[in-house]
Amino acid sequence: MIDNKTIDNPMIDKDVSLISSPVKAVSNRDEAFQNRAWQGIPGIEMAPNGRLWATFYSGGEDEGPDNYVTLVTSMDGGQTWSDLKSVIDPPGQSRAYDPCLWQDPSGRLWLFWAQSFGWFDGRCGVWASICSDSTQADPVWSEPRRIADGIMMNKPTVLSSGDWLLPIAVWACNESDVNDLPEERYSNVYRSDDQGETFHKWGSADIPNRHFDEHMVVERRDGSLWMLVRTFYGIGESVSVDGGRTWSPGKPTTLGGPDSRFFIRRLLSGRLLLVNHYGFKGRSHLTAMLSEDEGLTWTGSLLLDERPHVSYPDGVQAEDGRIYIIYDRERKEAKEILMAAFTEEDIVQGACVTPHSVLQAIVNKA
């Protein structure tokens, strides 16, 4: 057990990051959270009644020990959003960051986030809190639990078997950390075969020149798993034919991109959706595309935001087929969290041709 005196000691080692931080309500009068110098890295989900939830992180002047994760919500399809509803703010020099929202098959809303001592302590940790009724504006969140070493900012994948795969990585970004946890410094998948009661490390892919991993997994129609991973040159890939236990040698894709997070997901129609800076070298021209052939080719092209410094898309599809994509813009200047809402037909036509589609809508502006 680490006592409060230890928490306040700036010389404490990274074990401080093992202290849980509950999801707590925010007062609009709390200037520590209302005055934000920067913000970004968002995620989005939808409750069964259509309530949208969004998460992102902020705190301090930049990414570092003052970071906290926050939540906002909308009950009108994203036309208006609440002020900050809740935060996760670890004690001392620990930070909360890279959040992820995910509605599981039973209807529970999971909020995942990473915790680290300082910017990166070589180990970090994926934490989760769950609410059983995300339809409410002020839901009750469970006590946080630590799932694994590493970081997970992209949604889990539910396989046709019913198993869950969580894309978790321990970054290999500092040479000084290479000798720590060498068996975990890959693009890993953690498996749960009991609906989230337990998780265990299941398999690992090794993609050359990966950068912060930020990987996602989709199950193809033939049962194989396709993992896409952020790399210095764009996006790399690996394939598993045994449910994620083993993975093929990593290699480049032709998807391109500027070494940044992307979003890929199976849609209700069976098509694959990819949101990426496709064909562009910088973090601009965020574009949605569709694939009819399991990612071999991509058709349609809906330009979501052509401006510079737009990045880090995450998405969810409603039961009526509408797609919601969240992303950030100019984390330190405009400090905007933005959303696009559109349909597959909009992507096919290359323009918002269906009612109520919208681009570049403000979710939150610091």
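Derivation of every value follows stated rules applied to the coordinates shown; laboratory data play no part. Keep in mind the model is a prediction, meaning the values are calculated, not measured. Because the Cβ atoms are built from the backbone with ideal geometry, glycine has one as well, and the counts that use them run over all protein chains shown.
Go ahead and collect, in residue order, the members of region 81-95 whose backbone nitrogen is under 20 Å from a label point 7 Å along the Cα-Cβ direction of Ser132. The answer is none, because no backbone nitrogen lies closer than 20 Å to the label point. Dividing the convex hull volume of the alpha-carbon atoms in region 292-366 by its residue count gives 105 Å³ per residue.
Placing +1 on the Cβ of every Lys and Arg and -1 on the Cβ of every Asp and Glu, with nothing else charged, gives region 90-236 a dipole about its Cα centre of roughly 240 debye. With point charges of +1 on the Cβ of Lys and Arg and -1 on the Cβ of Asp and Glu, referenced to the Cα centre of region 188-301, which listed residue (Gly282, His215, Leu255) lies farthest in the positive direction of the dipole? About the Cα centre, the residue reaching furthest to the positive side is Gly282.
Of all the options Asp320, Asp104, Asp76, the one that moves most in a Gaussian network model of the chain with Cα springs shorter than 10 angstrom is Asp320. The Cα-based radius of gyration of region 108-231, divided by its Kirkwood radius, gives an Rg/Rh of 0.99. Report, ordered by chain and residue number, the lysines lying within cross-link reach of Lys24, taken as a straight Cα distance under 17 Å and ignoring same-chain residues fewer than 8 apart. Of all the lysines, those that pass the test against Lys24 - Cα under 17 Å, at least 8 places apart if same chain - are Lys85.
Evaluate the relative contact order of region 269-366 (contact order divided by residue number), counting alpha-carbon pairs under 8 angstrom at least 6 apart; express in whole percent.
Numbers: 221 pairs, mean separation 20.7, N = 98.
Rounded, it is 21 percent for region 269-366.
For a straight C-alpha distance cut-off of 24 angstrom, the lysines reachable from Lys281 (same-chain residues fewer than eight places away being disregarded) are Lys251, Lys332, Lys335. Think of the chain as a dipole: +1 on every Lys or Arg Cβ, -1 on every Asp or Glu Cβ, centred on the Cα centre; then among Ala172, Leu109, Met339, Met339 lies furthest on the positive end.
Find, to one decimal place in angstroms, the Kirkwood hydrodynamic radius of region 6-87, where the mean of 1/r is taken over every pair of different Cα atoms and then inverted. Mind dumping the intermediate values first?
Values: mean 1/r = 0.0693 Å⁻¹.
Kirkwood radius, region 6-87: 14.4 Å.
P(r) tail for the chain: Cα pairs beyond 33 Å make up 23% of the total. Among Leu52, Leu111, Leu159, the largest mean-square fluctuation in a Gaussian network model of the chain (Cα springs under 10 Å) belongs to Leu159. The 3J(HN,Hα) values that the Karplus relation (6.51, -1.76, 1.60; θ = phi - 60°) gives for region 106-118 are, in residue order, 8, x, 7, 9, 9, 10, 9, 7, 9, 10, 8, 7, x Hz. Gly and Pro appear as x.
Over the chain, what is the relative contact order in whole percent, taking alpha-carbon pairs under 8 Å and six or more residues apart? Mind showing how you got there, number by number?
Numbers: 1008 pairs, mean separation 43.2, N = 366.
About 12 percent, as a whole number.
Straight-line reach from Lys14: taking Cα to Cα under 19 Å and skipping same-chain neighbours fewer than 8 places apart, the lysines in range are Lys5. Sparsely packed loop sites in region 246-351 (the GluC sites (Glu not before Pro) outside DSSP H, G, I, E and B with at most 13 other Cβ atoms within 10 Å) comprise Glu306, Glu319, Glu333. Does region 52-131 classify as rounded, prolate or oblate by the C-alpha gyration tensor (a ≥ b ≥ c root eigenvalues; a/c under 1.5 gives rounded; else a/b over b/c gives prolate, otherwise oblate)? It is oblate, given that a/c is not under 1.5 and a/b is not larger than b/c. Value of Rg to Rh for region 1-137, rounded to two decimals, is 0.99; Kirkwood radius and Rg both from alpha-carbon coordinates.
Around the Cα centre of the chain, unit charges on the Cβ atoms of Lys, Arg, Asp and Glu (plus for the first two, minus for the last two) sum to a dipole of about 380 debye.
Rounded to the nearest 20 debye, what is the charge dipole size of region 214-366 about its Cα centre when +1 sits on each Lys and Arg Cβ and -1 on each Asp and Glu Cβ? Walk me through the intermediate numbers first.
Numbers: 18 positive and 21 negative charges, 105 e Å.
Using Cβ point charges on Lys, Arg, Asp and Glu, region 214-366 gives about 500 debye.
Let a ≥ b ≥ c be the square roots of the eigenvalues of the Cα gyration tensor of region 240-366; is it rounded (a/c under 1.5), or, if not, prolate (a/b larger than b/c) or oblate? The partial results should precede the final answer.
Values: a/c = 1.77, a/b = 1.26, b/c = 1.40.
It comes out oblate by the Cα gyration axes.
Averaged over residues, the count of other Cβ atoms within 10 Å places the peptides 20-31, 257-268, 204-215 in the sequence 204-215, 257-268, 20-31, highest first.
Please state the shape class of region 91-162: rounded when a/c is under 1.5, otherwise prolate if a/b exceeds b/c and oblate if not, all from the C-alpha gyration tensor.
On the way: a/c = 2.75, a/b = 1.47, b/c = 1.87.
Oblate, since a/c reaches 1.5 and b/c is not below a/b.
Using C-alpha pairs under 8 Å with a sequence gap of at least 6, the mean separation divided by the residue count of region 9-160 gives a relative contact order of 23 percent.
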